[in-house]
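Participant: Please find one structure pasted underneath; my questions will follow.
The values are calculated or read from the model by the stated rules, or taken from the named source; none is laboratory data. This structure is a prediction, so every number in the text was calculated from the model and none was measured. Cβ placement follows ideal geometry from the backbone for every residue including glycine, while neighbour counts extend to all protein chains displayed. Note: accessible area is taken over every heavy atom of the protein model, side chains too, but ligands, DNA and RNA are not part of it. Shrake-Rupley method; radii C 1.70, N 1.55, O 1.52, S 1.80 Å.
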Amino acid sequence: MSNHAARYGSSASPPPARTSRQPIHADPEFHSISSSFRRFGITATALSVGAFLSYVLLSSFAPGVMNERLTGHLTLGLALGLAQFAVMGLTAFLYVRHMRENIDPVVRRLRARMEEQETERRQVPAGRRFGAW
């Protein structure tokens, strides 16, 4: 039984520790935040650009539909144009929330681990210190 299993009472081995020579991009947590960031970015971009593109295509190829009056001087085209601001605001809000909840905590953990390893690497062993002249 390994020290980890004996200490924590589980038979599962701990995740492999990143050595000072191993780059950060080899860490499994780095891969998880990269894929999460990429997935969110692709989805948010596709939805935002899709909303804008559908507005442009409707304006170009269905002007009769876009000129439909909803109330008073408000047309469907004007309402959809104003909705573009809401779509962009919602996209920005979701991006900030996603980063705060899913990406930032993992980045802080990775940064702390890297700084700790860098500090350990920089420390000179006691036998290698130079004495006073």
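Participant: Within 10 Å, count the other beta carbons around each residue, average over each peptide in 96-106, 60-70, and list them highest first.
Facilitator: My ranking of the peptides, most packed first, is 96-106, 60-70.
Participant: Where the accessible area of segment 52-91 is counted over protein heavy atoms with a 1.4 Å probe, how much of it, in %, is carbon and sulfur?
Facilitator: 75
Participant: Can you give me the distance in nm between label points at THR75 and SER48, each placed 7 Å from the Cα along the Cα-to-Cβ direction?
Facilitator: Output for this residue pair reads 2.8 nm.
Participant: Keeping all protein chains in position, work out how much accessible area PHE93 exposes to a 1.4 Å probe, and write it in Å² to the nearest 10.
Facilitator: 120
Participant: Find how much the distance from ASP104 to ALA92 grows on full extension, using 0.36 nm per residue of separation minus their present alpha carbon separation; answer in nm with one decimal.
Facilitator: Taking ASP104 through ALA92 to full extension adds about 2.7 nm, to one decimal.
Participant: On full extension of the chain, what length is gained from GLU120 through ASN67, given 0.36 nm per residue of separation minus the C-alpha to C-alpha distance?
Facilitator: Result: 12.3 nm gained on full extension.
Participant: A further question on this structure: Counting only the heavy atoms of the protein chains, how much of THR45 is accessible to a 1.4 Å probe, in Å² to the nearest 10?
Facilitator: Here the residue's solvent-accessible area equals roughly 80 Å².
Participant: Considering Cα pairs under 8 angstrom that are at least six residues apart, work out the relative contact order of segment 32-133 and quote it in whole percent.
Facilitator: Details: 36 pairs, mean separation 27.3, N = 102.
Normalised by residue count, the contact order of segment 32-133 is 27 percent.
Participant: Can you sort SER35, SER48 by 1.4 Å-probe accessible area, starting with the largest?
Facilitator: Result of the area sort, largest leading: SER35, SER48.
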